[in-house]
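Read-outs throughout are calculated quantities, based only on the coordinates presented, and are distinct from any laboratory measurement. In this text the structure is predicted, and so the values were computed from the model without any measurement. Neighbour counts run over all protein chains shown; Cβ positions are idealised from the backbone, glycine included.
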Amino acid sequence: MSGTTIRLKGCRKAFADGTVAVKDLHLTIEPGETLAILGPSGCGKTTTLRLIAGLERPDVGQVLFDDQDVTRLPIERRDVGMVFQNYALFPNLDVAGNIVYGLKIRGLSAAERNKRCDELLELV
């Protein structure tokens with residue numbers, strides 16, 4: 001099985017008001033693993049996902065994809081998809097439209113977008 005191992009090593013993230021959202025987080029997600037992050041409001045679930053995606057940077061610690069340190073790598077260079085808490089990024093689009101949106105932004109041809117969309121929909 002191919003894929004990327006994601007590691008958060010000693011990550012800490014605090015906000016300007018002093019709120020510590022993530023404190024000394026060590027997490028490894030192996031290729032093919034399914035991860036559910038559960039906890040009460042304000043415990044750092046979304047901040048953890050934002051650290052992985054590159055929407056936030058940890059104040060301390062590292063984010064690694066395999067052995068590559070991506071802590072300072074901007075979101076557009078991480079090749080990571082993020083699904084927001086609402087299942088539809090664009091509620092005005094159908095399921096296929098939401099799937100192909102990111103592929104279109106990446107410059108894939110219409111034929112390749114449709115092929116990838118069909119493959120993904122086949123999984124569900």
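Laid out as a table, the results:
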item	result
Nonlocal amide H pairs with VAL70, under 5 Å, H built at 1.01 Å	VAL63, LEU64, PHE65
Environment charge at GLY54 (Cβ cut-off 14 Å; Lys +1, Arg +1, Asp -1, Glu -1)	+2
In sequence order, calculated HN-Hα J values of the range 47-64 (Karplus, 6.51, -1.76, 1.60; Hz; x Gly/Pro)	4, 4, 5, 5, 5, 5, 6, x, 7, 10, 10, x, 6, 9, x, 10, 10, 10
For semi-axes √(5λ) of the Cα gyration tensor in Å, calculated from these coordinates, the label among [x] 25, 13, 12; [y] 22, 16, 13; [z] 29, 17, 14	[z]
Packing rank of 29-36, 51-58, where each peptide gets the mean count of other beta carbons within 10 Å, highest leading	51-58, 29-36
Within straight-line cross-link reach of LYS13, lysines at Cα separation under 26 Å, skipping those fewer than 8 residues along the same chain	LYS23, LYS45
Long-range amide H partners of ALA14 with built H, under 5 Å	ALA21, ASP59
Helical mean residue ellipticity (222 nm; -39500 (n - 2.57) per DSSP H run of 4+; nearest 500) of the chain	-8500 deg cm²/dmol
